[in-house]
Amino acid sequence: MMEKIFEKLNDSQKAAVKCTEGSVLILAGAGSGKTTTIASRLAYLIEGVGIPASNTLTLTFTNKAAREMKERAMSMIENVAYPPLLCTFHKFGLLFLKFNIHLLGRQNNFVVVDTDDKKRIIKKINSELPTPLIASEISRYKNSLMHPDDAYKQAELFNYKQIAEVYGAYEKYLLENNLVDFDDLLALTYKLLDEHEELARKTSERYQYIMVDEYQDTNELQLRLLKKLCFTHNNLCVVGDDDQSIYGWRGAHIRNIMEFDEDFRDVNVFKLQENYRSRSPILKVANTLIEHNRSRLGKELIATRGDGEDVVILNSQDENEEARKIALAVQKLLDSGVRPNEIAILYRVNVLSRSIEEGLNRAHIAYKVVGGVRFYDRAEIKDLISYIRAITNPHDDFSFKRIVNKPKRGLGKASLDKIELAAHQKGSSIYEFIKSASVAELEALVRKKNAETLKEFITNLEATAEVAQNASYDFIDTLEERFHLKDIYNNMPDAQERILNMDEFYALYRDFIKNNPEATLDEFLNELTLQSDQDEVEGESIYMMSIHASKGLEFEHIFVIGMEEGFLPLVGDGSDLEEERRLGYVAFTRAKEILTLSYTASRFYRGRRSDLQKSRFFNEAGLCEGSLKVEKNTAYTKGDLVRHKIFGTGRVIGVSKSGREFKLNINFAGTKREILASFVEKL
């Protein structure tokens, strides 16, 4: 059995597997056999060292990863009375609470509410503020272990004081109904271990050997939980890749892997750098790109599969030409015998999928959108289409009902049901009933304020319909001015993404009018129907997905679109250039055989055509020469000229060390500021 455990491992993997005692950090590069190493280490602990399987705990982030590891480990283990506990963090929390929640004065027959249940409960408590915003804030509070009272005291804006109040009412509701939500599975587990030292001791003594997969994706709460689980020992092995830390926006903290040696003592570090996935040219550009990040532990992927074709660069005038070129390239691959499911198209922001989807539809190439919805199936796009349908045909009750309360006009479901029933009894459409009814008749069904709002809504629909008689550029402006549709998504966590999608749709409409100046709105809608009613694909198809959704996957052929400044890297408030590079690195290393990078000179963006610059990542990856030179992992010196995305060009007048980073004192045309080096570019 020992031979079976070690037969497929390289020297670095063997060394990591055999280091069973103390803190271990395994830096596993993309495609370096991470899953094999974890499964082999677990098998070695049980078969080679003689650790009872029940004394081990292996934590992952997805059920899929847990299943795959368990299958591999069990194939190398003989005669175990109880299989090792190998599950997600949240599954561990669920099992732990079932045995111990009584210590919090709660019953162990609790029910876990899912995301939809959570939103329904929140909506009952408060329907004024956007439910997704409240839900994400409550999640943030729980992961910060913040009590509702503390959240209220900390809140400075009125809206956030309201959210803190909803949080308190939400917690009360869960408690009264013996419910826990997804975040409670970890937060309550930590609370129990923190408040009951004897329980922490017993739990730690039980799980003597702990392993964690994808450690770069852990957050602050998960780190604190791991410290409690290591209360009586130091046997924690974490596996991850600092170069693939791409979930900062959802709470993951790269410092956990960067500063592992500060959180746990006497750390042994192993680097898995032999890549079994990608051809040499692909790894060369990935390595060259990621070298520009300063916040990294440092490693370089080594190709084991030998040479291959050079990275392909596609340059197009606009997104339509890009879509045609990619559809042609995909068709050529399919004709040569490549299986469709070995081809994937990746993008940084979902809005870029629309033109590619249309290009593939025109070429009759079957595709699946992974980890997201097709452009025309997104809620905000369906809302826009429903508005246009109601404007061209106000008697379309289905579309009318979808939009009558978007943005919110204070109409509840009960009010709408009464109006629909009254319209049905009169044999008219809802629109016709509201238009012909007097305010007094409407007031018999809904409140006076709602009756007036409905009349105003009809007036706005008719005014927009007049403009729409001849489809023109003005129509979109009138639609937005009259109905303020973008306000629907204000304060939602994904507001920027939704508004980008709306602007893309407006751009699509303007493009249609430009190419069909005599067309009507009905013809535009018919064109959309043909595009959005794609027959369900049977059999195999190529994949389209965001770079985030592609993590952990691999394909023979990868196309990365939108390689322009502003798209990859995404630049603007809140963006992190180092995380953007890591996204580029993740995208490149999904490819096994050929990597194709595509950029355009212009795109429709935010409702208008914008000229674009190709991504700095081409230059940083060594794929072309450019004027922008970025320093590689070295210190800046006094006198260097640098550029910042907000403050512009400045000169370095002082350099100091700040942790693993460099802090620069920069003179921007007379204004002196201190800025971390990773936020500027050297000129």
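If you rank Asp576, Asp181 by how much accessible surface each has, with a 1.4 Å probe, what is the order from largest down?
The ranking, largest first, comes out as Asp576, Asp181.
Just want the answer: with Cβ charges of +1 for Lys and Arg and -1 for Asp and Glu, which residue in Thr596, Tyr636, Asn341 is farthest toward the dipole's positive end in the chain?
Going by the charge dipole, the pick is Tyr636.
What FRET efficiency do you get for Lys332 and Lys123 if R0 is 45 Å and r is their Cβ-Cβ distance, rounded to the nearest 0.05?
0.35
Could you name the lysines in cross-link range of Lys119, using Cα to Cα under 19 Å and dropping any fewer than eight places away on the same chain?
Lys142, Lys161, Lys172, Lys406, Lys408, Lys413
Just to be sure I understand, if you calculate semi-axes √(5λ) of the Cα gyration tensor in Å for this structure, which of [x] 46, 35, 26; [y] 38, 32, 25; [z] 39, 27, 25 do you get?
[x]
Ordering His424, His102 by accessible area with a probe of 1.4 Å, largest first, what comes out?
His424, His102
Order Thr304, Thr478, most accessible first, counting only protein heavy atoms with a 1.4 angstrom probe.
Per-residue accessible area, sorted high to low, gives Thr304, Thr478.
Taking only C-alpha pairs under 8 Å that are 6+ residues apart, what is the relative contact order of the stretch 283-439 in percent?
13
Fully extended, how many nm does the chain gain between Ser602 and Trp249 (0.36 nm per residue separation, minus their Cα-Cα distance)?
Net length gain for the segment: 124.3 nm.
Express in Å², to the nearest 10, the accessible area of Met74 obtained by rolling a 1.4 Å probe over the protein heavy atoms while all chains stay in place.
60
Any aspartates and glutamates with Cα under 12 Å of the Lys682 Cα? List them, leaving off those in the same chain fewer than 8 positions away.
Straight-distance partners of Lys682: Glu631, Asp640.
Points 7 angstrom from Cα along the Cβ direction at Ala15 and Glu462: gap in nanometres?
Here the answer is 8.1 nm between the modelled labels.
Which distance in nm do the two modelled labels at Asn490 and Gln613 give, with both placed 7 Å along the Cα-to-Cβ direction?
3.4
Using a cut-off of 18 Å between alpha-carbon atoms, which aspartates and glutamates can reach Lys14, once sequence neighbours fewer than 8 places away in the same chain are excluded?
Partners found: Glu3, Glu47, Asp213, Glu274.
Step through the table entries Lys123/Lys418; Lys271/Lys645; Lys34/Lys227, compare each Cα-Cα distance with 25 Å, and write down the pairs that go over it.
Lys271/Lys645
Length gain on complete extension for the stretch Arg643 to Gln107, per 0.36 nm per residue less the alpha carbon to alpha carbon distance?
Extra length from Arg643 to Gln107 when fully extended: 187.1 nm.
About its Cα centre, what dipole magnitude does the chain give when the only charges are +1 on Lys and Arg Cβ and -1 on Asp and Glu Cβ, stated in debye to the nearest 20?
Here the chain has a charge dipole of around 1400 debye.
Which of the listed residues, Ala252, Leu229, Phe270, is farthest toward the dipole's positive end in the stretch 210-280, when Lys, Arg count +1 and Asp, Glu count -1 at the beta-carbon?
Working it through, the farthest residue towards the positive pole turns out to be Leu229.
Work out, step by step, the length gained on full extension between Arg673 and Glu497: first 0.36 nm times the residue separation, then minus their alpha carbon distance; give nm to one decimal.
60.2 nm
What ³J(HN,Hα) values, in whole Hz, does the Karplus curve 6.51 cos²θ - 1.76 cosθ + 1.60 give for the stretch 214-230 when θ = phi - 60°, with x put for Gly and Pro?
These are the phi-based 3J(HN,Hα) values: 6, 4, 5, 9, 6, 10, 4, 5, 5, 4, 5, 5, 4, 4, 5, 5, 9 Hz.
Just to verify a number: FRET efficiency for Asn393 and Tyr160, C-beta to C-beta distance, R0 = 41 Å, to 0.05?
Working from the Cβ atoms, E equals 0.45.
Under the definition of Cα pairs under 8 Å and six or more residues apart, what whole-number percent is the relative contact order of the stretch 17-87?
Over the stretch 17-87, the number comes to 37 percent.
Compute the relative contact order of the stretch 190-309 as a whole-number percentage, counting only Cα pairs closer than 8 Å that sit 6 or more residues apart in sequence.
Reported as a whole number, the value is 23 percent.
Could I have the simple spin-label model distance between Phe231 and Leu95, label points 7 Å from Cα toward Cβ, reported in nm to one decimal?
My value for the distance between the label points is 1.8 nm.
If you take the charge dipole of the chain about its Cα centre, with +1 on Lys and Arg Cβ and -1 on Asp and Glu Cβ, which of Leu301, Tyr167, Leu525 is farthest toward its positive end?
Tyr167
For Lys368 and Ala169, what is the calculated FRET efficiency with R₀ set at 51 Å and r taken between the beta-carbons, to the nearest 0.05?
Efficiency, from the Cβ-Cβ distance: 0.80.
The values are calculated or read from the model by the stated rules, or taken from the named source; none is laboratory data. What you see is a predicted model, and the numbers here were worked out from it, not measured in a lab. Cβ: placed from backbone, ideal geometry, glycine included. Neighbour counts: every protein chain shown. Please note that ligands, DNA and RNA were not included when accessible areas were found on the heavy atoms of the full protein model with its side chains. Shrake-Rupley method; radii C 1.70, N 1.55, O 1.52, S 1.80 Å.
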